[in-house]
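The next block holds one structure in the form of structure tokens; read it before the comments.
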Amino acid sequence: MQNRATLYYKGSFSAAHFLPNYEGPCHNLHGHSFECEVWLSGPINAESGMVLDFRYIKNIIASLDHGLLNEKLANPTAELVAWWLLHKIPLADKVRVWESDHSYAEVEKTYDDRLRELSTPERERLLQGRW
């Protein structure tokens with residue numbers, strides 16, 4: 001049985017965006033200092049001793065820093081930025097993106113999403129209770 005671990009990473013980025021599909025002040029170009037939290041889990045690599053290098057997560061988040069989020073997402077709401085990060089970071093289970101001190105969007109993968117990410121033999125073992 002392979003050792004597994006859960007990791008947590010907290011990072012931040014500052015970026016501009018506008019919401020083209022929204023009628024209100026956020027329709028106009030503006031910016032935020034975003035905070036984001038990432039939870040992920042997976043097997044511990046026997047050689048490196050890591051599930052995933054934290055630097056890898058940091059670099060994905062840094063790719064959003066001081067940019068225009070609309071260049072990555074057509075309608076970059078906090079929800080869709082969280083969804084984008086969830087699918088860019090390998091093994092991520094959940095992502096929370098804080099748009100301000102009092103509001104965040106959180107997305108997480110379902111059990112079915114996690115199953116689809118496993119190889120066929122891993123999926124078979126899990127479904128048979130032999131994980």
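The values are calculated or read from the model by the stated rules, or taken from the named source; none is laboratory data. Note that this is a predicted model, so its numbers are computed, not measured. Don't worry about glycine lacking a Cβ; one is built from the backbone with ideal geometry, like all the others, and counts go over all protein chains shown.
Of note:
- Residues of the stretch 47-77 classified as touching a residue at least 40 places away in the same chain (Cβ under 8 Å) and in a helix (DSSP H, G or I), total: 7
- Subset of the stretch 81-131 [modelled with pLDDT under 70, in a loop (DSSP other than H, G, I, E, B) and among the charged types (D, E, K, R)]: 130
- Residue count, the stretch 78-108 (criterion: of a type in the set (Lys, Arg) and touching a residue at least 40 places away in the same chain (Cβ under 8 Å)): 2
- Meets criteria (surrounded by 14 or more Cβ atoms within 10 Å (Cβ to Cβ) and over 15 Å from residue 10 (Cα atoms)) for residue 99: no
- Top-ranked residue in the stretch 4-56 [being modelled with pLDDT of 95 or more and aliphatic (A, V, I, L, M); ranked as nearest to residue 77 (Cα to Cα)]: 19
- Any hit, the stretch 13-31, residues being within 13 Å of the chain's Cα centre (by Cα) and either surrounded by 13 or more Cβ atoms within 10 Å (Cβ to Cβ) or in a strand (DSSP E or B) (or both): no
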